[in-house]
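Derivation of every value follows stated rules applied to the coordinates shown; laboratory data play no part. What you see is a predicted model; the values in this text were computed from it and never measured.
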Amino acid sequence: MNDVRPGDESEARIDCAPNFRSVQGLRIGSGLPIRAGRIYRSDAITAASDGDARRLAQCNIDLVIDLRSGTERTLAPTGTWTSQPPEVHAVDMLAHVEGIRDPWDSLRHQPDANGA
């Protein structure tokens, strides 16, 4: 796998989270684009290999916003890839519909009733 070079964090390849990438270029409220290496998105990072851990550490991630449900976080807790783990904030996007058999169907048919 490729190592991350300074200033080139968007090219990190993380085997345990193939969806890992920088969200560079998106425009924020001021109209300015997000710079490469500032914000990343990914799958859950639960079991980083030594190589993955090295590449993740090179990205200098200090805050994780985990959008998985409480059940998903319990079944596959966020892994640690550095001696200084990032601060993790859990934002359960489906907390208000947990226990509903098909929450997406419920949100499609009654978005206001389910808080969407």
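Observations
- Long-range amide H partners of A90 with built H, under 5 Å: D66
- Between T82 and S30, the contour length at 0.36 nm per residue exceeds the alpha carbon distance by 15.4 nm.
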